[in-house]
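The values are calculated or read from the model by the stated rules, or taken from the named source; none is laboratory data. Bear in mind that the values here come from a model prediction, so they are computed numbers and not experimental data. Ideal geometry is used to build each Cβ from the backbone, glycine not excepted, and the neighbour counts take in all protein chains shown. Heavy atoms of the whole protein, side chains included, go into the accessibility calculation; ligands, DNA and RNA do not. Shrake-Rupley method; radii C 1.70, N 1.55, O 1.52, S 1.80 Å.
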Amino acid sequence: MTSPASLSPTQAAARIGEFTVIDVRAPGEYASGHVPGALNIPLDRLDEALPALKAASARGSLLVVCASGVRSTRACDVLSAADIHAVTLSGGTSAWEGEGHGLDRPAGARATWPMERQVRFAAGSLVVAGLLAGRRFPAARWLSAGVGSGLVFSAVTNTCGMAAVLSKLPHNRAPRSAADFDATLDALQS
């Protein structure tokens, strides 16, 4: 499988009006700041949105965005398999903001760490906890071994079970004022 086409933030900003922008981060991440005009379709709900995305792509190009470009590349692969053409934003919202382009932040939204940072924090904390508890209870070291093995599996398969679990936590959910998933699907189909 080939890598999806990508645009730099400067290229995407120059053509932003040509795209339907899809942000595949968790709702909490999306609410903490997203490319202007982006619609939130979390990666774990992408399959549900395929018909709406197919309709949107028939009207114009799709630009898929995440925090760093990893999840948006994965989303573009899923879309490509469904015969939906999309391009990804190189470097994600981090690069977009780093190049001086603004992010929309809904009123009252709280800042949420990017999912990659949350995974690193959770994994590191579990490893340290396993090692510390292992001083008193040697079997607790298996927690550290399990987390390390999970990280290796995550790297080899380019998936992340810990991110899937963390995305369900309350701080990663959208605030009540944010548009819900069904409204986003309706907007894509109209």
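Per-structure values
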| read-out | value |
| --- | --- |
| Residues of the stretch 150-159 satisfying the condition of being modelled with pLDDT of 85 or more and surrounded by 11 or more Cβ atoms within 10 Å (Cβ to Cβ) | 150, 151, 153, 154 |
| Options 106, 36, 4; residue that is closer than 25 Å to residue 162 by Cβ and part of a loop (DSSP other than H, G, I, E, B) | 4 |
| Single condition residue 78 does not satisfy, out of (1) of a type outside the set (Phe, Trp, Tyr); (2) over 24 Å from residue 166 (Cβ atoms); (3) under 19 Å from the mean Cα position of the chain (by Cα) | (2) |
| Counted residues, the stretch 109-130 - those being hydrophobic (A, V, I, L, M, F, W, C), assigned to a helix (DSSP H, G or I) and open to solvent by less than 90 Å² (accessible area, probe 1.4 Å) | 8 |
| Boolean, residue 48 is within 15 Å of residue 97 (Cβ to Cβ), assigned to a helix (DSSP H, G or I) and of a type in the set (D, E, K, R) | no |
| Within the stretch 94-142, tally of residues that are hydroxyl-bearing (Ser, Thr, Tyr), within 19 Å of residue 64 (Cα to Cα) and touching a helix residue (DSSP H, G or I) at 6+ places or on another chain (Cβ under 7 Å) | 0 |
| Meets criteria (more than 12 Å from residue 62 (Cβ to Cβ), modelled with pLDDT under 95, among the polar types (S, T, N, Q) and exposed (fewer than 14 other Cβ atoms within 10 Å of the Cβ)) for residue 3 | yes |
| In the stretch 53-73, residue nearest to residue 43 (Cα to Cα) [restricted to those that are in contact with a Ser or Thr (Cβ under 8 Å, 6 or more places away or on another chain), outside any strand (DSSP E or B) and open to solvent by 30 Å² or more (accessible area, probe 1.4 Å)] | 73 |
| Residue list for the stretch 74-89, restricted to those being outside any strand (DSSP E or B) and either crowded, with 19+ Cβ neighbours inside 10 Å or out of contact with any Pro (no Cβ under 8 Å at 6 or more places or on another chain) (or both) | 74, 75, 76, 78, 79, 81, 82, 83, 84, 85 |
| Within the stretch 163-182, tally of residues that are open to solvent by 30 Å² or more (accessible area, probe 1.4 Å) and either modelled with pLDDT of 85 or more or closer than 15 Å to residue 20 by Cα (or both) | 1 |
| Count - residues of the stretch 32-48 that are closer than 18 Å to residue 105 by Cβ and of a type in the set (Val, Ile, Thr) | 1 |
| Unmet criterion (only one of (1) out of contact with any Asp or Glu (no Cβ under 6 Å at 6 or more places or on another chain); (2) part of a loop (DSSP other than H, G, I, E, B); (3) of a type outside the set (Asp, Glu)) for residue 17 | (2) |
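Every residue, every condition in (1) within 17 Å of residue 27 (Cβ to Cβ); (2) more than 20 Å from the chain's Cα centre (by Cα); (3) without any contact (Cβ under 8 Å) to a residue 12 or more places away in the chain, yes or no:
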| site | (1), (2), (3) |
| --- | --- |
| 94 | no, no, no |
| 117 | yes, no, yes |
| 121 | no, no, yes |
| 155 | no, no, yes |
| 162 | no, no, no |
